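Trainee: To start, I am sharing the structure in question, which I have written as structure tokens.
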Amino acid sequence: MSDTLLDALRRAVGQAHVLTGEDCAPFLTDWRKVVTGRALAVVRPGTTGQVRDVVRACLEHGAPIVPQGGNTGQVAGATPDRSGRAVVLQLGRMNRIRSIDTDNDTLVAEAGCVLQAVQQAALAAGRFFPLSLGAEGSCLIGGNLATNAGGTQVLRYGNARELALGLEVVTADGEIWNGLRGLRKDNTGYDLRDLYIGSEGTLGIITAATLKLFALPAAQRTAFAASASIERAVALLARARSVLGAELTAFELMSAQAIGLVPRHFPDQRLPLDPAAWFVLLETSDAESELRARERFDALLSAALEAGEIDDAAIAESVAQSTAFWRLRESITLAVAAEGRCAKHDISIPVSAMARFVTTTDALLQERFPGVRSATFGHLGDGNLHYNILQPANQEESVFSCVQQDLSRLVHDRVRDHGGSISAEQGIGGLRTADLQRYEDPVKLALMRRIKQALDPRGLMNPGKVLAPP
């Protein structure tokens with residue numbers, strides 16, 4: 001069977017784009033290096049028609065299909081299992097910007113376009129594409145949509161789902177759905193676009209998307225501020241929303257422990273302020289002028305200082321300074337990875353409950369697992385925290401691994417108790433299927449299984465991801 005399927009795959013995409021044996025290795029381990037799988041082949045199609053032909057060949061031979069973009073995910077959603085039966089469908093060759101329509105403010109990009117390339121194409125056309133992630137130099141737009149990626153500007157522009165007007169999809173039965181119309185109003189039945197976005201490749205393969213573009217801001221202002229507590233940071237958020245409205249584009253929260261890891265592992269980076277319990281990175285985009293942006297931003301920070309919501313602030317006076325502030329924030333994930341074993345939690349909590357959750361959960365963790373270290377950061381503006389718990393200093397990784405499941409159970413129990421979600425922006429993938437089964441509404445899970453059965457009756461699309469085997 002394998003030889004016959006390999007022959008069919010080579011006919012579909014060309015022999016040079018069917019990798020086998022050791023050539024598959026770079027595509028078989030997730031970004032966090034937690035899971036390594038095996039595959040019959042890694043296939044690199046160059047067109048939507050080739051994706052269709054690959055899917056049909058896999059259907060004929062009963063081979064599972066694992067779609068993969070930039071392989072930058074946090075939950076092993078693009079990693080095959082250990083059976084060696086799967087075909088990894090790597091979409092990096094499908095990297096064309098098909099069209100840009102500045103009158104309609106849309107851009108059509110293939111799934112293999114690097115996110116940064118989409119941003120740059122929009123900029124070259126005098127427009128702005130706001131999806132922004134730490135991995136934007138390597139993640140692919142298809143993966144962003146398949147996981148409904150969030151990032152730093154969700155507060156103003158929404159998740160990836162809100163930034164896509166249409167999709168092109170190769171379905172699980174090998175058909176091509178062309179839903180790329182760049183319409184902002186289309187009430188013709190079920191919204192298939194929203195169904196495929198966030199499905200993590202378990203229902204079909206996104207091959208292209210029509211994306212929303214926005215006008216370039218006239219001015220941007222960025223500040224790095226110190227705050228004594230989450231409560232005060234939440235008060236600053238409320239003030240910023242009141243003063244700036246929709247012009248507030250980002251509001252990031254970073255604990256001293258999290259941001260402190262950056263200069264430890266990246267000595268060329270330095271904090272712009274003296275030590276504090278918490279730091280906030282906020283940014284505004286003004287549609288009118290640099291002068292208006294400066295006046296409103298300065299007035300906001302002055303009022304916040306007077307109210308005690310912040311203790312100090314550094315305002316970027318150049319693009320280079322703003323970039324340096326954001327580089328500090330985006331380097332936290334890499335610094336956490338370099339620090340050692342970590343129990344990562346991508347959670348959302350109502351902003352009003354954020355301070356209570358962090359304070360009480362930190363205390364419970366110290367009581368149950370003495371010496372663990374919190375490295376908390378995330379997108380406070382939309383209630384999303386990366387609540388990371390590092391192994392105690394000088395503790396063997398194997399010891400921490402033994403308690404990691406119980407530790408995460410405690411955290412997720414607390415998330416549930418606070419009306420939150422165990423996955424805010426990173427998805428479920430292959431690492432959180434048991435957690436989804438434990439914490440999600442049973443009716444919702446049943447409906448999800450019925451959708452999966454209807455669209456992928458043979459269960460070949462990214463099996464084992466999102467939904468645990470029945």
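Just so it is clear, none of the values below were taken in a lab; they were calculated from the coordinates. This structure is a prediction, so every number in the text was calculated from the model and none was measured. Don't worry about glycine lacking a Cβ; one is built from the backbone with ideal geometry, like all the others, and counts go over all protein chains shown.
Trainee: What Kirkwood Rh does the range 282-423 have if only Cα atoms enter the pairwise 1/r average? Answer in Å.
Mentor: Hydrodynamic radius (Kirkwood, Cα only) of the range 282-423 equals 17.5 Å.
Trainee: Enter the Cα centre distance for the pair the range 392-453 and the range 263-332, rounded to the nearest angstrom.
Mentor: 33 Å
Trainee: Then there's this: Can you tell me the orientation of helix 230-244 relative to the chain, as the angle in degrees between its alpha-carbon axis and the longest Cα principal axis, to the nearest 10?
Mentor: Result, in degrees: 80.
Trainee: Quick check on packing: order 24-32, 51-59 by the mean number of other C-beta atoms within 10 Å, highest mean leading.
Mentor: Taking the mean over residues of other Cβ atoms within 10 Å, the ranking is 51-59, 24-32.
Trainee: Which values, in whole Å and largest first, are the semi-axes of the equivalent ellipsoid of the chain obtained as the square root of 5 times each eigenvalue of the Cα gyration tensor?
Mentor: Rounded to whole Å, the semi-axes are 38, 28, 20.
Trainee: Here's something else I'd like to know. Among LYS33/LYS452; LYS344/LYS444; LYS185/LYS344, which pairs are too far apart, with a Cα-Cα distance over 30 Å?
Mentor: Violating the 30 Å limit, Cα to Cα: LYS185/LYS344.
Trainee: Another question, then. What value, in deg cm²/dmol to 500, does the helix sum -39500 (n - 2.57) over DSSP H runs of n ≥ 4 give at 222 nm once divided by the residues of the chain?
Mentor: -11000 deg cm²/dmol
Trainee: If I take all pairs of Cα atoms in the range 428-470, what percentage of them are more than 12 Å from each other?
Mentor: 59 percent
Trainee: Modelled label-to-label distance, ASP312 and ARG11, 7 Å Cα→beta-carbon offset: nm?
Mentor: Taking the two extended label points, one gets 6.9 nm.
Trainee: Can you tell me which of 177-190, 247-260, 413-426 comes out highest on packing, and rank the rest after it, using the mean Cβ neighbours within 10 Å?
Mentor: The densest-packed peptide leads the list: 247-260, 413-426, 177-190.
Trainee: Across the range 393-409, in residue order, what do the Karplus-derived ³J(HN,Hα) couplings come to in whole Hz, using 6.51 cos²θ - 1.76 cosθ + 1.60 with θ = phi - 60° and x for Gly and Pro?
Mentor: Per-residue couplings from phi come out as 4, 6, 8, 5, 4, 5, 5, 5, 4, 5, 9, 4, 5, 5, 5, 5, 4 Hz.
Trainee: Against the globular-protein guess of 2.2 N^0.38 Å, express the Cα radius of gyration of the range 93-180 as a ratio, rounded to two decimals.
Mentor: 1.06
Trainee: With each pseudo-label sitting 7 Å past Cα toward Cβ, what's the GLU396-ALA256 distance in nm, one decimal?
Mentor: Each label point is offset 7 Å from its Cα along the Cβ direction, giving 3.3 nm.
Trainee: Relative to the longest principal axis of the chain, what angle (0 to 90°, nearest 10) does the C-alpha long axis of helix 319-330 take?
Mentor: 70 degrees
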